[in-house]
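For reference, the structure discussed in these notes is given below.
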Amino acid sequence: MQRFFAGLTDPGLLRTSNQDAYYLDNLGRFFVVADGMGGHAGGQEASRLAIEAIYHYLDNHWDSSESPDVMLRKAFIAANDAILKDQYSHPERADMGTTAVAVMFWGPDHEPWCAHVGDSRLYRLRGAKLDQITMDHTWVAKAIEDGELTVDESKHHPWRHVLSQCLGRKDLNRIDIQSLDVLGGDRLLLCSDGLTEELSDPLIATHLKSIRACPTAAESLVDAAKQRGGRDNITVVVVAFQD
(Lines give C-alpha, C1' and ligand atoms only; values in the text may rest on other atoms or scores of the structure.)
Protein backbone atom coordinates (compact mmCIF):
# COMPACT_ATOMS: atom_id res chain seq x y z
CA MET A 1 0.00 0.00 0.00
CA GLN A 2 1.11 3.52 -0.71
CA ARG A 3 1.47 5.83 2.28
CA PHE A 4 0.78 9.54 2.23
CA PHE A 5 1.49 11.67 5.28
CA ALA A 6 1.71 15.14 6.73
CA GLY A 7 2.25 16.73 10.12
CA LEU A 8 1.53 20.06 11.77
CA THR A 9 2.19 21.63 15.16
CA ASP A 10 0.79 24.84 16.60
CA PRO A 11 1.29 26.57 19.98
CA GLY A 12 -2.46 27.11 20.35
CA LEU A 13 -4.06 30.32 21.54
CA LEU A 14 -2.97 30.56 25.18
CA ARG A 15 0.57 29.19 25.39
CA THR A 16 3.56 31.44 24.64
CA SER A 17 5.74 28.50 23.60
CA ASN A 18 5.32 25.19 21.83
CA GLN A 19 6.53 22.20 23.84
CA ASP A 20 5.25 19.68 21.28
CA ALA A 21 7.41 18.15 18.56
CA TYR A 22 6.92 15.66 15.74
CA TYR A 23 8.96 13.79 13.16
CA LEU A 24 8.08 12.53 9.67
CA ASP A 25 10.56 10.11 8.14
CA ASN A 26 11.22 11.08 4.53
CA LEU A 27 10.83 7.45 3.43
CA GLY A 28 7.63 6.96 5.41
CA ARG A 29 9.23 4.34 7.66
CA PHE A 30 8.20 5.90 10.98
CA PHE A 31 6.42 8.86 12.54
CA VAL A 32 6.62 10.30 16.06
CA VAL A 33 4.69 12.86 18.13
CA ALA A 34 5.94 14.07 21.55
CA ASP A 35 4.33 16.43 24.07
CA GLY A 36 6.83 17.92 26.52
CA MET A 37 6.27 19.19 30.05
CA GLY A 38 8.32 20.89 32.71
CA GLY A 39 8.21 24.57 31.89
CA HIS A 40 9.07 26.52 28.75
CA ALA A 41 12.67 25.37 28.25
CA GLY A 42 12.25 21.98 29.90
CA GLY A 43 9.25 20.82 27.90
CA GLN A 44 10.73 21.93 24.59
CA GLU A 45 14.00 20.19 25.37
CA ALA A 46 12.35 16.97 26.54
CA SER A 47 10.21 16.57 23.42
CA ARG A 48 13.15 17.47 21.16
CA LEU A 49 15.45 14.97 22.88
CA ALA A 50 12.82 12.24 22.64
CA ILE A 51 12.17 12.83 18.95
CA GLU A 52 15.89 12.84 18.15
CA ALA A 53 16.68 9.74 20.22
CA ILE A 54 13.82 7.72 18.73
CA TYR A 55 14.74 8.81 15.21
CA HIS A 56 18.43 8.00 15.64
CA TYR A 57 17.81 4.60 17.17
CA LEU A 58 15.32 3.49 14.53
CA ASP A 59 17.38 4.85 11.66
CA ASN A 60 20.64 3.31 12.92
CA HIS A 61 19.09 -0.11 13.60
CA TRP A 62 16.67 -0.30 10.70
CA ASP A 63 18.62 -3.04 8.93
CA SER A 64 19.54 -4.93 12.10
CA SER A 65 18.16 -8.31 13.12
CA GLU A 66 16.08 -6.81 15.95
CA SER A 67 12.36 -7.52 15.89
CA PRO A 68 10.09 -4.47 15.52
CA ASP A 69 8.83 -4.62 19.11
CA VAL A 70 12.36 -4.80 20.49
CA MET A 71 13.46 -1.98 18.21
CA LEU A 72 10.65 0.31 19.37
CA ARG A 73 11.21 -0.53 23.02
CA LYS A 74 14.93 0.24 22.78
CA ALA A 75 14.21 3.48 20.88
CA PHE A 76 11.92 4.66 23.70
CA ILE A 77 14.43 3.61 26.35
CA ALA A 78 17.09 5.59 24.46
CA ALA A 79 14.77 8.61 24.58
CA ASN A 80 14.20 8.16 28.30
CA ASP A 81 17.95 7.87 28.90
CA ALA A 82 18.68 10.99 26.83
CA ILE A 83 16.28 13.06 28.93
CA LEU A 84 17.66 11.67 32.21
CA LYS A 85 21.20 12.50 31.08
CA ASP A 86 20.15 16.07 30.26
CA GLN A 87 18.42 16.42 33.64
CA TYR A 88 21.64 15.39 35.37
CA SER A 89 23.64 17.99 33.41
CA HIS A 90 21.01 20.71 33.83
CA PRO A 91 19.36 20.52 37.28
CA GLU A 92 17.08 23.43 36.36
CA ARG A 93 15.33 21.00 33.99
CA ALA A 94 15.12 18.15 36.50
CA ASP A 95 11.32 17.95 36.31
CA MET A 96 11.06 17.88 32.52
CA GLY A 97 9.51 14.93 30.72
CA THR A 98 7.49 14.10 27.65
CA THR A 99 4.82 11.80 26.31
CA ALA A 100 5.47 10.10 22.97
CA VAL A 101 3.65 8.01 20.40
CA ALA A 102 5.35 6.40 17.39
CA VAL A 103 4.25 4.32 14.43
CA MET A 104 6.63 2.42 12.18
CA PHE A 105 6.31 0.23 9.10
CA TRP A 106 8.95 -2.46 9.29
CA GLY A 107 10.39 -5.14 7.07
CA PRO A 108 9.70 -6.15 3.47
CA ASP A 109 5.96 -6.31 4.15
CA HIS A 110 5.92 -2.90 5.90
CA GLU A 111 4.34 -4.33 9.04
CA PRO A 112 2.72 -1.52 11.09
CA TRP A 113 3.69 -1.24 14.77
CA CYS A 114 2.97 1.33 17.45
CA ALA A 115 4.61 2.32 20.74
CA HIS A 116 3.53 4.95 23.23
CA VAL A 117 4.13 6.37 26.68
CA GLY A 118 1.77 8.91 28.26
CA ASP A 119 -1.37 10.41 26.76
CA SER A 120 -0.35 11.26 23.22
CA ARG A 121 -2.63 9.06 21.14
CA LEU A 122 -2.92 6.96 18.02
CA TYR A 123 -6.28 6.70 16.24
CA ARG A 124 -7.33 4.68 13.19
CA LEU A 125 -10.13 5.78 10.90
CA ARG A 126 -11.67 2.95 8.87
CA GLY A 127 -14.61 4.06 6.79
CA ALA A 128 -16.66 6.22 9.16
CA LYS A 129 -15.44 4.44 12.31
CA LEU A 130 -12.74 6.02 14.46
CA ASP A 131 -10.94 3.76 16.94
CA GLN A 132 -8.55 4.91 19.66
CA ILE A 133 -5.69 2.42 19.40
CA THR A 134 -3.62 3.55 22.39
CA MET A 135 -4.74 3.71 26.01
CA ASP A 136 -3.67 6.82 27.92
CA HIS A 137 -1.18 6.33 30.73
CA THR A 138 -3.10 8.57 33.11
CA TRP A 139 -4.74 8.23 36.50
CA VAL A 140 -8.14 8.84 34.89
CA ALA A 141 -7.72 6.15 32.22
CA LYS A 142 -6.84 3.60 34.89
CA ALA A 143 -9.85 4.69 36.97
CA ILE A 144 -12.11 4.15 33.94
CA GLU A 145 -10.56 0.73 33.31
CA ASP A 146 -11.13 -0.22 36.95
CA GLY A 147 -14.74 1.00 36.87
CA GLU A 148 -14.14 3.82 39.32
CA LEU A 149 -15.05 6.57 36.81
CA THR A 150 -17.26 6.81 33.75
CA VAL A 151 -15.99 8.32 30.51
CA ASP A 152 -18.30 11.31 30.98
CA GLU A 153 -17.05 11.86 34.53
CA SER A 154 -13.45 11.70 33.35
CA LYS A 155 -13.86 14.59 30.90
CA HIS A 156 -14.01 17.15 33.70
CA HIS A 157 -12.11 15.35 36.43
CA PRO A 158 -9.42 17.57 38.05
CA TRP A 159 -6.86 14.74 37.72
CA ARG A 160 -7.50 14.04 34.02
CA HIS A 161 -4.05 15.33 33.04
CA VAL A 162 -2.12 13.43 35.74
CA LEU A 163 0.22 11.02 33.94
CA SER A 164 1.09 7.62 35.33
CA GLN A 165 3.99 7.25 32.87
CA CYS A 166 6.16 9.58 30.82
CA LEU A 167 9.64 9.66 29.34
CA GLY A 168 12.24 11.30 31.56
CA ARG A 169 11.72 9.23 34.70
CA LYS A 170 14.00 6.69 36.37
CA ASP A 171 10.97 4.58 37.28
CA LEU A 172 9.70 4.23 33.71
CA ASN A 173 8.20 0.75 33.70
CA ARG A 174 5.60 0.77 30.96
CA ILE A 175 6.08 1.21 27.22
CA ASP A 176 3.03 -0.12 25.38
CA ILE A 177 3.90 -1.72 22.05
CA GLN A 178 1.49 -3.40 19.65
CA SER A 179 1.16 -4.48 16.05
CA LEU A 180 -1.50 -2.74 13.99
CA ASP A 181 -4.13 -3.81 11.49
CA VAL A 182 -4.13 -1.39 8.54
CA LEU A 183 -6.08 -1.66 5.27
CA GLY A 184 -6.21 0.41 2.10
CA GLY A 185 -8.37 3.47 2.70
CA ASP A 186 -7.51 3.64 6.41
CA ARG A 187 -6.07 6.71 8.06
CA LEU A 188 -3.89 6.91 11.15
CA LEU A 189 -3.75 9.96 13.39
CA LEU A 190 -0.97 10.56 15.90
CA CYS A 191 -1.71 13.53 18.14
CA SER A 192 -0.93 15.34 21.36
CA ASP A 193 -3.63 15.94 23.97
CA GLY A 194 -3.95 19.54 22.80
CA LEU A 195 -6.14 18.11 20.04
CA THR A 196 -8.15 15.59 22.06
CA GLU A 197 -8.80 18.05 24.88
CA GLU A 198 -10.71 20.27 22.44
CA LEU A 199 -12.24 17.82 19.94
CA SER A 200 -14.45 14.83 20.65
CA ASP A 201 -13.81 11.61 18.75
CA PRO A 202 -16.82 12.18 16.43
CA LEU A 203 -15.44 15.63 15.50
CA ILE A 204 -11.98 14.19 14.87
CA ALA A 205 -13.54 11.54 12.62
CA THR A 206 -15.47 14.18 10.68
CA HIS A 207 -12.32 16.12 9.80
CA LEU A 208 -10.31 13.00 8.99
CA LYS A 209 -12.86 11.42 6.67
CA SER A 210 -14.09 14.53 4.89
CA ILE A 211 -10.72 15.78 3.61
CA ARG A 212 -8.59 13.57 1.36
CA ALA A 213 -5.28 15.47 1.29
CA CYS A 214 -3.22 14.76 4.42
CA PRO A 215 -1.79 18.30 4.77
CA THR A 216 -5.27 19.81 4.51
CA ALA A 217 -6.70 17.30 6.98
CA ALA A 218 -3.94 18.11 9.47
CA GLU A 219 -4.57 21.84 9.11
CA SER A 220 -8.33 21.34 9.48
CA LEU A 221 -7.88 19.41 12.74
CA VAL A 222 -5.55 22.02 14.23
CA ASP A 223 -7.82 24.89 13.18
CA ALA A 224 -10.85 23.16 14.69
CA ALA A 225 -9.05 22.67 18.01
CA LYS A 226 -8.09 26.35 18.05
CA GLN A 227 -11.67 27.39 17.28
CA ARG A 228 -12.79 25.46 20.36
CA GLY A 229 -10.30 27.11 22.69
CA GLY A 230 -6.78 26.07 21.68
CA ARG A 231 -5.75 25.96 25.34
CA ASP A 232 -2.69 23.79 24.77
CA ASN A 233 -0.12 23.12 22.06
CA ILE A 234 -1.66 21.06 19.25
CA THR A 235 0.24 18.54 17.14
CA VAL A 236 -1.07 16.06 14.56
CA VAL A 237 0.41 13.61 12.10
CA VAL A 238 -1.94 12.09 9.50
CA VAL A 239 -0.99 8.95 7.57
CA ALA A 240 -3.26 7.72 4.75
CA PHE A 241 -3.13 4.35 2.95
CA GLN A 242 -4.06 3.61 -0.62
CA ASP A 243 -4.00 0.26 -2.44
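The values are calculated or read from the model by the stated rules, or taken from the named source; none is laboratory data. From a predicted model like this one, the values you see are computed outputs, not experimental measurements. Here Cβ is always computed from backbone atoms with ideal geometry, including for glycine, and neighbour counts include all displayed protein chains. Surface areas here come from the heavy atoms of the whole protein model, side chains and all, with no ligands, DNA or RNA. Shrake-Rupley method; radii C 1.70, N 1.55, O 1.52, S 1.80 Å.
With every protein chain left in place and a probe of 1.4 Å, what is the accessible surface of residue 90, to the nearest 10 Å²?
Residue 90 exposes around 60 Å² with every protein chain in place.
Quick one: how many Å² of residue 37 are accessible to a 1.4 Å probe, rounded to 10?
Approximately 50 Å² for this residue.
I'd like the carbon and sulfur percentage of the solvent accessible area for the chain, probe radius 1.4 Å, heavy atoms only, ligands and nucleic acids excluded.
Numbers: 5740 of 11280 Å².
Roughly 51 percent, rounded to a whole number.
If you place +1 on the Cβ of every Lys and Arg, -1 on the Cβ of every Asp and Glu, and leave all else neutral, what size is the dipole of the chain about its Cα centre, to the nearest 20 Debye? Let's see the in-between values first.
Details: 24 positive and 36 negative charges, 70 e Å.
So the magnitude is around 340 debye.
Treat every Asp and Glu Cβ in region 150-220 as -1 and every Lys and Arg Cβ as +1, leave all other atoms uncharged, and give the resulting dipole magnitude about the Cα centre to the nearest 20 debye.
On the way: 8 positive and 11 negative charges, 39 e Å.
So the magnitude is around 180 debye.
Restrict the search to region 155-213; then list the trypsin sites (Lys or Arg not before Pro) that DSSP places in a loop and that have at most 12 other Cβ atoms within 10 Å of their Cβ.
Details: sites: 155, 160, 169, 170, 174, 187, 209, 212; in loops: 155, 160, 169, 170, 174, 212.
Of the trypsin sites (Lys or Arg not before Pro), the ones in loops of region 155-213 whose Cβ has at most 12 other Cβ atoms within 10 Å are 155, 170, 174, 212.
For the chain, how many pairs of lysine residues have a Cα-Cα distance under 18 Å, where the two are 8 or more positions apart or belong to different chains?
Details: 74/85; 74/170; 85/170; 129/209; 142/155.
Number of lysine pairs found: 5.
Gain in length, residue 180 to residue 29, computed as 0.36 nm per residue apart minus the alpha-carbon separation, to one decimal in nm? Each step should come with its number before you reach the end.
Working: separation 151, 0.36 × 151 = 54.36 nm, distance 1.43 nm.
Between residue 180 and residue 29, full extension yields an extra 52.9 nm.
Once the piece of chain linking residue 157 and residue 242 is laid out straight, how much longer is it, given 0.36 nm per residue of separation minus the C-alpha distance between them? Write out the running numbers ahead of the final one.
On the way: separation 85, 0.36 × 85 = 30.60 nm, distance 3.97 nm.
26.6 nm is the gain from fully extending residue 157 to residue 242.
Out of 230, 38, 185, any idea which swings most in a Gaussian network model of the chain, alpha carbons joined below 10 Å?
The residue with the greatest mean-square fluctuation here is 185.
For the charge dipole of the chain, defined by +1 on Lys and Arg C-beta atoms and -1 on Asp and Glu C-beta atoms about the Cα centroid, which residue among 71, 221, 101 has the Cα displaced farthest towards the positive pole?
Result: 221, furthest along the dipole toward the positive end.
Where only protein heavy atoms count, and the probe is 1.4 Å, what is the accessible area per residue for region 31-101 in Å²?
Working: 3020 Å² over 71 residues.
Here the residues of region 31-101 average 43 Å² of exposed surface.
Which of 84, 110, 135 sits farthest toward the positive end of the charge dipole of region 84-139, with +1 on the Cβ of Lys and Arg and -1 on the Cβ of Asp and Glu?
110
Okay, helix-only estimate at 222 nm for the chain: each DSSP H run of n ≥ 4 adds -39500 (n - 2.57), divide by all residues, round to 500 deg cm²/dmol; what do you get? Before the final figure, lay out each step's value.
On the way: 7 runs with 83 residues, N = 243.
Counting only the DSSP helices, I get -10500 deg cm²/dmol.
Which of the chymotrypsin sites (Phe, Trp or Tyr not before Pro) found in region 100-163 are loop residues per DSSP with 16 or fewer other Cβ atoms within 10 Å of their Cβ? Don't skip to the end; give the middle numbers.
On the way: sites: 105, 106, 113, 123, 139, 159; in loops: 159.
Listed in order of number, the matching sites are 159.
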